């Protein structure tokens, strides 16, 4: 117990004031996961909204496919991205492997099914009711979509926050495509894993505390949005 408390004291010294290394790692973590969430939302929210309104043959199959992708292991997504962006891969000429770009791509693919499924689940009933009501009042398609977007804005935010919380804590996939390179691709989760294995518990604890604080803030915002 004393060993843990000593490590915790050293960790707090790194956080108050925060060291340059900690700030760099935390900043890159938030940048990568934030960009990945934004990319996933740019595709997943419109796709989920479209699925909630569309009526066509095969819709149930497509919805089932989206829900099935929720169970795809993160490490499998990392493997696919690694193969695609490696030197001999389909997109190897971009030179993305072991860069923040590869990490953003992998995390976006991980968050995309979650954002899509949550958007669909939140809007499937209200979106159709809003569409029917808008059309019955003679509203145009554009005004109908605008009304649904305003009504569903908190559902969109909740979906994005949930997607962010999913990817910011991912380790294996991020390590696979990012390489955990100091000053380039080292983020909180991979740094915690590496520093713990090296015996630098104070850095691992410091980053763990930050990660917990990020999770707490994300959860408070999520609860607020769901309440609204």
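The values are calculated or read from the model by the stated rules, or taken from the named source; none is laboratory data. These numbers come from a predicted model, not from an experiment. No Cβ is skipped: glycine too gets one built from the backbone with ideal geometry, and neighbour counts run over all protein chains shown.
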Output yes when any residue across segment 8-21 is assigned to a helix (DSSP H, G or I), closer than 29 Å to residue 207 by Cβ, out of contact with any helix residue (DSSP H, G or I) (no Cβ under 8 Å at 6 or more places or on another chain) and modelled with pLDDT of 90 or more, and no when none is.
no
Only one residue in 133, 175, 149, 194 is modelled with pLDDT under 70 and either out of contact with any strand residue (DSSP E or B) (no Cβ under 7 Å at 6 or more places or on another chain) or farther than 27 Å from residue 114 by Cα (or both). Which one?
133
Output for segment 146-161, where each listed residue is surrounded by fewer than 20 Cβ atoms within 10 Å (Cβ to Cβ) and within 13 Å of the chain's Cα centre (by Cα)
157
Restricting attention to segment 66-77, which residues are in contact (Cβ under 8 Å) with a residue 24 or more places away in the chain and within 23 Å of residue 47 (Cα to Cα)?
66, 67, 69, 70, 72, 74, 77
Take the conditions modelled with pLDDT under 75 and loosely packed, with under 12 Cβ neighbours inside 10 Å and apply them to residue 142. Does it pass?
yes
